[in-house]
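Contents: one structure, followed by commentary.
The values are calculated or read from the model by the stated rules, or taken from the named source; none is laboratory data. Predicted model only: the values in this text are computed from it and were never measured. For neighbour counting, all protein chains shown are included, and Cβ atoms are generated from backbone atoms with ideal geometry for every residue, glycine included.
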Amino acid sequence: MKVGFLGFGEVSRVLSRKLMAEGVEAYTCTEERSLKTRQNALDLGVKLCESLEEVAEISDITISAVVPGATVEVSKKVGNSVKGVYVDMNSVSPFTVKEALSFVENGKTVDASIMGSIKKGADVKIVASGSFAESFAELNQYGMNINIVGPDLGQASALKMLRSVYTKGVSALLFESLYTAYKMGIDDILLKYLSETECPGFKESAISRIMSSELNAKRRAQEMLEVVKVVSEYTDPVMSRATLEFFQMISKKQGKSNYEKIFHGFSDD
Ligand SMILES: NC(=O)c1ccc[n+]([C@@H]2O[C@H](COP(=O)([O-])OP(=O)(O)OC[C@H]3O[C@@H](n4cnc5c(N)ncnc54)[C@H](OP(=O)(O)O)[C@@H]3O)[C@@H](O)[C@H]2O)c1
């Protein structure tokens, strides 16, 4: 089995490491990419192609894991070179996924979304939809955790977007209420009261959400832009828009803020 990666960042690194350990041949192309990307590929020993088109041509499964903004550009570039199945794994809206996949001439396409952080490992849950999702799910025998959610392109990415309305919205609410409490000197006690009404482990999960909100604010803001587009097709995206504004605000303050103080405060007892 040959699996090609378009983009070789965090996602490709984690997945290819596991797949190669299970005997899969992994390919990528790092021409014109950053030093970090080149180093990632070198460290892992994936096979290097001269172009993205070559990756798409020789792979049984080609996975696009670039950045949301490059989703369409990359599929356009390799669309008529794809021989096997093309999987889009970027965090973009169903509209963007469908546009990207429309450039894959052989029509063997899959919409896939990572439901969580790849830091959890190669067995992080991935949802997939489209008539070729089963071919992609063959990678489960090599340690991946692909769950087919439907026959139509757009279903997997819609699930991911709608999950974000909830998860990122809750993170923004937690951040705002606890940061205000911190400024007033009552953060510990607020956490205590919230923990009483929420589920066990709430405090740890609240701290983890707040820390990752600040660390990943830019990426989250980009994803919330896509979320707002999706929700606005069906209803007024009041909550999603507020979450988008929140992450845009945090990303602008990144590096200048003292938010880490909050985390110290939370970790004291
Ligand atoms: N990380 C996660 O936990 C996670 C979870 C869910 C979904 N996702 C999605 O999965 C995708 C990949 O995420 P990631 O965390 O692996 O991102 P990342 O670490 O930022 O890596 C992105 C990779 O894509 C490359 N790239 C960017 N533009 C490109 C282009 N036009 N052509 C070819 N390669 C290009 C980058 O190269 P350079 O280094 O040269 O820029 C880098 O190698 C994203 O769409 C993200 O939204 C990630």
Open item on the list: Contact list please: Cβ distance under 6 Å, first residue in the stretch 83-106 and assigned to a strand (DSSP E or B), second residue away from the ligand (no atom under 12 Å from the Cβ) and basic (Lys, Arg), pairs at least six apart or on different chains.
Closed with: VAL85/LYS108
Open item on the list: Looking only at the stretch 192-205, how many residues end up being at pLDDT 90 or above and in contact with a helix residue (DSSP H, G or I) (Cβ under 6 Å, 6 or more places away or on another chain)?
Closed with: 2
Open item on the list: On the basis of being in contact with a Pro (Cβ under 7 Å, 6 or more places away or on another chain) and either farther than 30 Å from SER208 by Cβ or within 10 Å of the ligand (Cβ to nearest atom) (or both), does SER113 make the cut?
Closed with: no
Open item on the list: Return the residues of the stretch 49-92 that are among the charged types (D, E, K, R) and either outside the structural domain of GLU138 (by TED's automatic domain parsing) or farther than 16 Å from VAL3 by Cα (or both); say none if nothing qualifies.
Closed with: GLU73, LYS76, LYS77
- [ ] Return the total of residues in the stretch 117-135 being out of contact with any Leu (no Cβ under 9 Å at 6 or more places or on another chain), assigned to a helix (DSSP H, G or I) and within 15 Å of the ligand (Cβ to nearest atom).
- [x] 2
Open item on the list: Quick check on my filter: what residues within the stretch 39-57 are touching a residue at least 24 places away in the same chain (Cβ under 8 Å) and more than 16 Å from PHE136 (Cα to Cα)?
Closed with: ASN40, ALA41, LEU44, GLY45, VAL46, CYS49, LEU52, GLU53, GLU54, VAL55, GLU57
Task: Only one of GLU99, GLU57 that is closer than 21 Å to GLN222 by Cα and not aliphatic (A, V, I, L, M) - done: GLU99
Open item on the list: I'm checking my understanding of the structure. Among residues of the stretch 6-34 that are under 26 Å from GLN141 (Cβ atoms) and surrounded by fewer than 16 Cβ atoms within 10 Å (Cβ to Cβ), which one is farthest from the chain's Cα centre (by Cα)?
Closed with: GLY23
- [ ] Can you tell me which residue among VAL67, VAL3, VAL92, VAL85 is among the β-branched types (Val, Ile, Thr), surrounded by 16 or more Cβ atoms within 10 Å (Cβ to Cβ), within 12 Å of the ligand (Cβ to nearest atom) and under 28 Å from ALA158 (Cβ atoms)?
- [x] VAL92
Open item on the list: Among the residues in the stretch 136-144, are any crowded, with 19+ Cβ neighbours inside 10 Å and either outside the structural domain of LEU19 (by TED's automatic domain parsing) or in contact with a helix residue (DSSP H, G or I) (Cβ under 6 Å, 6 or more places away or on another chain) (or both)?
Closed with: no
Task: Flag for THR37 being under 26 Å from SER164 (Cβ atoms), buried (at least 16 other Cβ atoms within 10 Å of the Cβ) and touching a strand residue (DSSP E or B) at 6+ places or on another chain (Cβ under 9 Å) - done: yes
Task: Where a residue in the stretch 113-134 is of a type in the set (D, E, K, R) and its partner, wherever it lies, is more than 11 Å from the ligand (Cβ to nearest atom), with Cβ under 7 Å and at least six apart - done: ASP123/GLY143; ASP123/MET144; ASP123/ASN145; LYS125/ASN145; LYS125/ASN147; GLU134/ILE148
